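Novice: Supplied in structure tokens, the structure appears directly below.
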Amino acid sequence: MTSVVTSADRPVAKDVPQQAKIAIEGVTKEFATETGDTFVALTKVNCTVADREFVSLVGPSGCGKTTLLEIVAGLQAPTSGRVLMDGEEIEGPGPDHVVIFQQYALFPWRTVAANVEFPMEVAGVGRAERRERALEYLGMVGLDGFADHHIWQLSGGMQQRAALARGIACQPKVMLMDEPFSGADAITREILQDLLARLRKETRQTIIFVTHSVDEAIRLSDRIMVMGTRPGRIISTFDVTDDLRDHGDRVTELREAIWSVLRNEIVPIAEAEERT
Ligand SMILES: Nc1ncnc2c1ncn2[C@@H]1O[C@H](COP(=O)(O)OP(=O)(O)O)[C@@H](O)[C@H]1O
Ligand SMILES: [Mg+2]
């Protein structure tokens, strides 16, 4: 049987201080609406991410995945609650917790290598070492031979790989990824997923990964957090192991379990929308 652990069963951050790389504690986010009301985008989100863990956030659109990721990135402040990294409160963006967005935001006027070198330039790494490391990271993502190409000479999938190499070049403690592959066609997406799985084994990176593909989450994660909407919150957590991934029947069972949680979230929304 697939074990289904709800977020309510999990210990909150203060019970597991040693291993929590990221601790999200009681995070609530409200936005003021044009009509003067308050819109609650996230309510009391509690979860921890262990060092080297790969956690996916899955949920219907509008459930607050991007908002939560941006709060962890320090790009937005929570209305209440806090996020700790290694026990220190995150108060702003920084190179130790970088975000890779769907729009990979490479600099079009720079070569591929110069894009990968950029975070090292900011960090004050010398020219020769920068170049050497950029070439190494480009090798890791299968872009050997493209170092001196311009961004516009690369396909979308290759640009996303260059963005991954740039993310690795930051050597962040935590990599935050917001639907990084959703713009890719199906085949490119498979290639990028394989690449990320492999990179992750090599770098042992802690990753929080937003996707709305259940299969992508199952393929890549150690743990999947399913979010619900109105208000956005974590409703269930599922553990995934390599052993489970090796057994098609258990994957099918897990996929079904996740979808049944998601359906419970999505169907009432659709019905409410039909009524209005
Ligand atoms: N700056 C903002 N002002 C007002 N509402 C916002 C803002 N950012 C996000 N929201 C709302 O918060 C909810 C969650 O958004 P988001 O985090 O982008 O969801 P997701 O990434 O899961 O699709 C949505 O209903 C969105 O409209
Ligand atoms: Mg989003």
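Novice: If we scan segment 142-151, do we find a residue that is free of Cβ contacts under 8 Å to residues at least 40 places away in the same chain, touching a strand residue (DSSP E or B) at 6+ places or on another chain (Cβ under 9 Å) and among the acidic types (Asp, Glu)?
Specialist: The answer is yes, given that some residue of segment 142-151 is free of Cβ contacts under 8 Å to residues at least 40 places away in the same chain, touching a strand residue (DSSP E or B) at 6+ places or on another chain (Cβ under 9 Å) and among the acidic types (Asp, Glu).
Novice: Follow-up. Among (1) open to solvent by 40 Å² or more (accessible area, probe 1.4 Å); (2) of a type in the set (Val, Ile, Thr); (3) assigned to a helix (DSSP H, G or I), which single condition is THR35 missing?
Specialist: (3)
Novice: Where in segment 136-237 are there helices (runs of 4 or more DSSP H), lying fully within it, with 2 or more residues that are hydroxyl-bearing (Ser, Thr, Tyr) and open to solvent by 10 Å² or more (accessible area, probe 1.4 Å)?
Specialist: It comes to 186-203.
Novice: Select from segment 56-82 the residues that are open to solvent by less than 50 Å² (accessible area, probe 1.4 Å), touching a strand residue (DSSP E or B) at 6+ places or on another chain (Cβ under 6 Å) and away from ligand 1 (no atom under 15 Å from the Cβ) and list them in ascending order.
Specialist: Matches in segment 56-82: GLY81 only.
Novice: Would you mind finding the one in VAL116, VAL83, VAL125 that is more than 16 Å from ligand 2 (Cβ to nearest atom), modelled with pLDDT of 90 or more, over 30 Å from GLU273 (Cβ atoms) and part of a strand (DSSP E or B)?
Specialist: VAL83
The values are calculated or read from the model by the stated rules, or taken from the named source; none is laboratory data. On a predicted model such as this, the values are computed, not experimentally measured, just so you know. In this analysis, Cβ positions are derived from the backbone assuming ideal geometry, glycine residues included, and neighbour counts consider all displayed protein chains. Ligands, DNA and RNA are excluded from the accessible area calculation, which covers all protein heavy atoms including side chains. Shrake-Rupley method; radii C 1.70, N 1.55, O 1.52, S 1.80 Å.
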